[in-house]
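Worksheet for the structure shown next.
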Amino acid sequence: MKFSSKGKLAVFSLYGLVLLVGVFSVKWMYAMAQFSQGGGSPLFPPEMNAVRDAKTAFVIGDLGGVPVRIPHHFANYVEYDGDPGFGEKRKGPPPPRTYQSRLSSFGFMVRFPDMAGRSSPELWKDYENYSDPYWKGYYDSISPWIDVGLSSGERYPGDGFLEYAVDAKLRFDAERDGYPALAVKNYAEVPGLEHGLTVYAPPGTDPKTGKPYRQDDYAEDLFVHRGKDEKVDTYITCTNRNLPNLKFTVCDQYIDLAPEMHTEIQIQYSRYWLPHWREIQRSVSDLVLGFKVDPLSTAPVSAASQLVAP
């Protein structure tokens with residue numbers, strides 16, 4: 001069989017495309033393997049990966065006005081105030097990190113309820129099992145691993161942000177505000193408490209589908225807890241997608257560590273764990289507050305333990 005010059009070009013072009021896809025796949029698999037072993041992700045700036053690669057025993061800095069010392073398995077994708085944003089390059093020499101360096105964000109995975117971090121190959125394997133469809137317990141298990149994200153420094157939304165956030169959600173009216181397509185984001189109180197929380201859900205029915213807005217794929221239930229002063233001290237949003245399959249139905253819980261630390265914490269977990277929201281909040285708060293160190297012991301910082309950003 002003979003090929004014309006155009007045919008040969010097409011064959012070589014197809015071969016080149018296949019080869020390129022193959023090389024990319026190999027590189028991607030390698031990058032993901034590195035990530036699964038505790039390395040940095042190629043999707044994030046090197047500044048955020050550098051903390052994991054640093055040969056230090058812990059990450060140090062100022063978290064919400066408090067000096068902290070954080071084990072690396074509890075400090076993923078660390079950012080300090082003034083770090084370059086996504087896609088940006090650092091200008092000037094890299095600053096040394098001290099206990100006065102203000103942390104702006106980081107996150108970690110932790111297993112509930114024993115609050116173990118991914119500090120060993122065995123714990124990493126346990127974490128990965130719950131997303132591995134070839135693991136024998138995959139279809140019968142709810143992951144105990146919860147995702148914790150912290151925002152402080154320049155990313156801290158400000159004192160009272162929980163109250164403001166809930167108030168904005170409850171005041172939103174899609175029709176009145178000129179966004180009728182967002183009726184699924186309206187909220188009305190649902191009678192009775194659930195797990196000690198006041199419940200709000202989208203009211204009404206979608207005229208296009210005839211189904212309650214609460215059953216929409218993009219609908220969320222809102223759970224709010226208020227303290228003795230009637231101020232919001234935590235709120236939780238839970239998707240209704242995939243109900244009643246709680247394995248893939250997600251909740252996001254928001255708490256504020258102020259006045260101890262001016263730090264916002266967002267905790268994500270399966271809706272299965274919603275009845276345990278109090279214990280989750282207490283355990284995560286205690287863990288983060290446990291990073292605090294005595295101000296008198298923070299100076300001088302030895303060169304061996306000092307984190308230097310790239």
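The values are calculated or read from the model by the stated rules, or taken from the named source; none is laboratory data. Keep in mind the model is a prediction, meaning the values are calculated, not measured. Methodologically, a virtual Cβ is constructed for each residue, glycine included, from the backbone with ideal geometry; neighbour enumeration extends over all protein chains shown. Note: areas computed on protein heavy atoms with side chains; ligands, DNA, RNA excluded. Shrake-Rupley method; radii C 1.70, N 1.55, O 1.52, S 1.80 Å.
Tabulated results
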| item | result |
| --- | --- |
| Carbon plus sulfur fraction of accessible area for the stretch 48-149, probe 1.4 Å, in percent | 54 |
| Heavy-atom accessible surface of the stretch 172-310: percent carbon and sulfur, 1.4 Å | 53 |
| For THR205, residues with placed amide H under 5 Å, excluding near neighbours | TYR213 |
| Net lengthening on full extension, TYR138/GLU163 (0.36 nm per residue, minus Cα-Cα) | 5.2 nm |
| Per-residue HN-Hα couplings for the stretch 161-174 [Karplus 6.51, -1.76, 1.60; θ = phi - 60°; Hz; x = Gly/Pro] | 5, 4, 4, 5, 5, 5, 4, 5, 5, 6, 7, 5, 9, 4 |
| Loop-resident sites, the stretch 151-181, for trypsin sites (Lys or Arg not before Pro), counting at most 10 other Cβ within 10 Å (DSSP) | ARG176 |
| Estimated distance in nm for a label pair at ARG176 and ASP229, the labels positioned 7 Å out from Cα along Cα-to-Cβ | 2.7 |
| Dimensionless Rg ratio for the stretch 113-263, taking C-alpha atoms and the 2.2 N^0.38 Å reference | 1.25 |
| Rounded to the nearest 10 Å², the accessible area of GLU175 at probe 1.4 Å | 130 |
| Qualifying trypsin sites (Lys or Arg not before Pro) in the stretch 186-280, DSSP loop, other Cβ atoms within 10 Å at most 10 | LYS208, LYS228 |
